[in-house]
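Reading through the structure tokens given below for one structure.
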Amino acid sequence: MGIKIDGLKELSDMLTKESVRTAKRYLLNVAKPAAQVVLDALEQTVPVGVTGRLENELGYQSRFSNGEGTQLTIKIGPARDTFWGVFDEFGTYCQPAQHWMERAWTGCQDKCLSVFGTEALARLADMEEKK
């Protein structure tokens, strides 16, 4: 499940005038608070298992890819050391799915998008002032 943000033409134009490094840093700085919203929601729905480590091992990874333009992908969820958290999400042959990540995302997606938009506009204003 992802969010695709369209309609920020002014932002897109501004970022294409900046260096690649500056544009990527800008996007990462905008995405970080939005990712934190999702992480906070995940902490509220995480199942407390036998080991109790899952809630301490949630995080996110960012990756840039080039296609029709540069795209930033943020993956949020259990860390590699706690891969078994995905089993709680989707279930196994002997364990029913709990859908804890889906519930967290459903509950916070509007706030996540709002935080992303607010951060994007605030940082855009900051970059305009520097010029």
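The values are calculated or read from the model by the stated rules, or taken from the named source; none is laboratory data. Bear in mind the structure is a predicted one, so any value in this text is a computation, not a measurement. Backbone-built Cβ (ideal geometry, glycine too); neighbour counts: all protein chains shown.
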message = One residue is enough: does region 120-128 have a residue meeting the conditions touching a helix residue (DSSP H, G or I) at 6+ places or on another chain (Cβ under 6 Å), over 22 Å from Ala31 (Cβ atoms) and modelled with pLDDT under 90?
response = no
message = I'd like the residue in region 46-79 that is basic (Lys, Arg) and at pLDDT 85 or above and, out of all such residues, is farthest from the chain's Cα centre (by Cα).
response = Arg63
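Being touching a helix residue (DSSP H, G or I) at 6+ places or on another chain (Cβ under 9 Å), part of a helix (DSSP H, G or I), without any contact (Cβ under 8 Å) to a residue 60 or more places away in the chain and not polar (S, T, N, Q) narrows it down to one residue among Asp88, Asp81, Asp40; which is it?
Details: Asp81 fails: touching a helix residue (DSSP H, G or I) at 6+ places or on another chain (Cβ under 9 Å); Asp40 fails: without any contact (Cβ under 8 Å) to a residue 60 or more places away in the chain.
Result of the check over Asp88, Asp81, Asp40: Asp88.
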